[in-house]
Amino acid sequence: MTGLPTDRDSFGSKFGVIAATAGSAVGLGNIWRFPLVTTQNGGGAFLLLYIGFVLIIGIPVMLSEFSIGRRAQQNAFGSFKKLAPKTPWFMVGFLGILTAFAILAFYSTVAGWTFEYLFQSISGKLLTVDNMEENFSDFSTGTVRPLFWQLLVMLITGVVVYAGIKKGIEKFTKILMPVLVLLILFVAVRSVTLEGAMEGVRYLFLPDWSVVNFKTVLMALGQAAFSLSIGMGTLITYGSYIQKDNHLLSTSTQVALTDTFVAILSSLMVIPAIFAFSDVVVSDLSPGPGLVFEVLPNVFNAMPGGVIFSAIFFGLLSLAALTSTISVLEVVVAWLKEELRLTRKAATIIASISITLLGILATLSFGELREFTIFGKTIFGLLDYASANIMLTFGALLIVIFVGWKMGESDFLEEISNRGTIQSVFFKIIFYIIRYIAPVAIGIITIANFFISGIV
Ligand code: PFF
């Protein structure tokens, strides 16, 4: 492809690409969702399914997105318009923009909660709380405090995105990601070395195949897509900022492995500590915020040096959330900037404000808007469910069909081999996975999802 715009910002280094992409992947999905989903869906059995999906579907979809973005040098919407002009494929990009709106709206609510808990940890308040359930429900059903933290999250996200790719996103994630991984490792080591923790480790890893059913398979794929940030154009957008000499397969593999490693470490940080310090039955926990905002604070309170661990835990959760929110906002900003020819500043302000407005509704759906439901779900519940379980898997399906059947083998291979300058036996295999295996696997799950969700 020639005639690339020369004024386009880009990542400055290979480590920068990995830090930014792993920053997007590692987030609340790893620390808040993964431990709970794993323990409630068969432990080691779920883990095996999950790892299978990451390798067979996750990496090929990541690579598909990177190759689309880097080839087109455009935002998620513009990339499809450029690679498949005068066809309806641009709608896949548009679906990605909508998904970004949905994800950031509810994600910024939870990110705001982590900020509140970081604040409560540092100020010492959390240590004095007797009833953690009440503490969380008083806070989350309120108006001013949760909205204040959500606005702060969106403000920080907006400032980093406004600063651009090299000077904003790359700089921010290059510093934070190594810190984050080290902190998680530190807390995980502490957790598994507590007395009584081994029972939790066993509980986490022992496979219980009796609970595995089709819904589990579906959850494993949904979780893998959400966790790897695939299926909505984040990686198309980031791919468009990657230099032409970057080894995309190696980058994708490193990011997918880091993300999976952090998800497992997060489970090791959370579950064994619960076994060591509380009488909560993990399998009885309901999905949702309870584990991190109710059970864990009790664990920290019972643990020697708990204040420090609690501050570190909520600190790292907040940082992990921020390195993800910036990647989602960038999808919308890049689209507005390039399609409407706005400046980065104007695009960032418009995107941040409009997503925040939807986000406010998500936050209030725990309080003032609790009674307001659509399809039996609150606004938060609907945004969470629709984005992770429906929009992302559907997006991933369309992306692999695009690369496998529209972009085609020679363009794809040319892109991932850096115009033939690198070779790998995996390139062709991956293309065949993208063309045949991934669409069938994701397709079956996507269709089943519609039935299970009651939409059909
Ligand atoms: N991968 C993030 C997490 O696991 O928390 C969430 C996310 C970020 C999903 C960016 C999608 C995305 F585009």
task = Would you calculate the separation in nanometres between label points at Leu155 and Phe375, each defined as 7 Å from the Cα along the Cα-to-beta-carbon direction?
result = 3.5
query = In whole angstrom, and with the biggest value first, how far do the Cα coordinates of region 1-158 range along each principal axis?
reply = 63, 40, 33
request  = Roll a 1.4 angstrom probe over the protein heavy atoms and tell me the percent of accessible area of the chain that is carbon or sulfur.
outcome  = 68
ask   = For region 1-67 and region 221-235, what is the separation of their Cα centres, given in Å?
value = 7
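I need the trypsin sites (Lys or Arg not before Pro) found in region 311-345, filtered to DSSP loop residues with at most 15 other beta carbons within 10 Å of theirs.
Working: sites: Lys337, Arg341, Arg344, Lys345; in loops: Arg341.
Answer by residue number: Arg341.
Indicate the helices, whole DSSP H runs only, in the chain that combine a mean Kyte-Doolittle hydropathy of 1.0 or more with a Cα extent along their long axis of 24 angstrom or more.
Working: long enough: 90-123 (49 Å, 1.38); 144-162 (26 Å, 1.71); 171-192 (33 Å, 1.95); 248-277 (44 Å, 1.60); 306-339 (49 Å, 1.54); 344-364 (29 Å, 1.54).
Within the chain the helices that satisfy the rule are 90-123, 144-162, 171-192, 248-277, 306-339, 344-364.
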Reachable lysines, given that their alpha-carbon falls under 19 Å from the alpha-carbon of Lys86 and they are not under 8 places away in the same chain = Lys406
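Tell me the GluC sites (Glu not before Pro) within region 103-210 that lie in a loop according to DSSP and have at most 15 other beta-carbon atoms within 10 Å. The partial results should precede the final answer.
On the way: sites: Glu116, Glu133, Glu134, Glu170, Glu195, Glu199; in loops: Glu195.
Answer in residue order: Glu195.
Given contacts defined as C-alpha pairs under 8 Å and at least six residues apart, what's the relative contact order of the chain, whole-number percent? Present the calculation step by step, with values, prior to reporting the outcome.
Working: 713 pairs, mean separation 148.8, N = 456.
Reported as a whole number, the value is 33 percent.
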message = Shape verdict for region 117-273, please, from the Cα gyration tensor: rounded (a/c under 1.5), prolate (a/b greater than b/c) or oblate.
response = oblate
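When the helices in the chain are scored as -39500 (n - 2.57) per DSSP H run of 4 or longer and the sum is shared across all residues, what 222 nm value do you end up with, to the nearest 500 deg cm²/dmol? Mind showing how you got there, number by number?
Values: 21 runs with 304 residues, N = 456.
-21500 deg cm²/dmol, from helical runs alone.
For Ser67, what charge total do you get from the other residues with a beta carbon under 15 Å from its beta carbon, if Lys and Arg give +1 and Asp and Glu give -1? Please list the in-between numbers first.
Values: positive: Arg70, Arg71, Lys82, Lys244, Lys406, Arg419, Lys428, Arg435; negative: Glu65, Asp245, Glu409, Asp411, Glu414, Glu415.
My count for the surroundings of Ser67 gives +2.
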task = Could you please report the charge total around Phe431, scoring K, R as +1 and D, E as -1 over all other residues with beta-carbon less than 15 angstrom from its beta-carbon?
result = -1
request  = At 0.36 nm per residue, minus the direct Cα-Cα distance, what do Leu357 and Ile447 gain on full extension? Give it in nm, one decimal, please.
outcome  = 29.3 nm
message = Need one number: nm distance between label points at Gln423 and Ile349, each 7 Å from Cα along Cα→Cβ, rounded to one decimal.
response = 5.5
message = Give the separation of the Cα centroids, region 109-186 to region 255-328, in Å.
response = 13
query = Can you tell me the accessible area per residue over region 212-278, all protein chains present, probe 1.4 angstrom, in square angstrom?
reply = 25
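Kirkwood Rh, the chain, all Cα pairs: how many Å?
On the way: mean 1/r = 0.0453 Å⁻¹.
Evaluated on the chain, it is 22.1 Å.
Mind listing which chymotrypsin sites (Phe, Trp or Tyr not before Pro) in region 396-456 are in a DSSP loop and have 10 or fewer other Cβ atoms within 10 Å? Spell out each step's value before the answer.
Values: sites: Phe402, Trp405, Phe412, Phe426, Phe427, Phe431, Tyr432, Tyr436, Phe450, Phe451; in loops: none.
Nothing satisfies the criteria.
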task = Whole number in Å², please: accessible area per residue of region 336-407, 1.4 Å probe, ligands, DNA and RNA not counted.
result = 48
note = Among Val295, Val280, Ile165, the residue whose Cα sits farthest towards the positive end of the charge dipole of the chain, when +1 is placed on the Cβ of each Lys and Arg and -1 on the Cβ of each Asp and Glu, is Ile165
query = How much area per residue is accessible in region 68-110 when the probe is 1.4 Å and only protein heavy atoms are counted (Å²)?
reply = 30
task = Starting with the highest mean, order 298-311, 42-55 by the number of other Cβ atoms within 10 Å, averaged over the residues of each peptide.
result = 42-55, 298-311
ask   = So which lysines pass the test for Lys345, namely a Cα distance under 21 Å, with those fewer than 8 places away in the same chain ruled out?
value = Lys166, Lys167, Lys171, Lys337
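The values are calculated or read from the model by the stated rules, or taken from the named source; none is laboratory data. Please read all numbers here as calculations on a predicted model, not as lab measurements. Positions of Cβ are generated from backbone atoms using ideal geometry, with glycine treated the same way; all protein chains shown enter the neighbour counts. The protein model used for the area step is the full one, side chains on, heavy atoms only, and it has no ligands, DNA or RNA in it. Shrake-Rupley method; radii C 1.70, N 1.55, O 1.52, S 1.80 Å.
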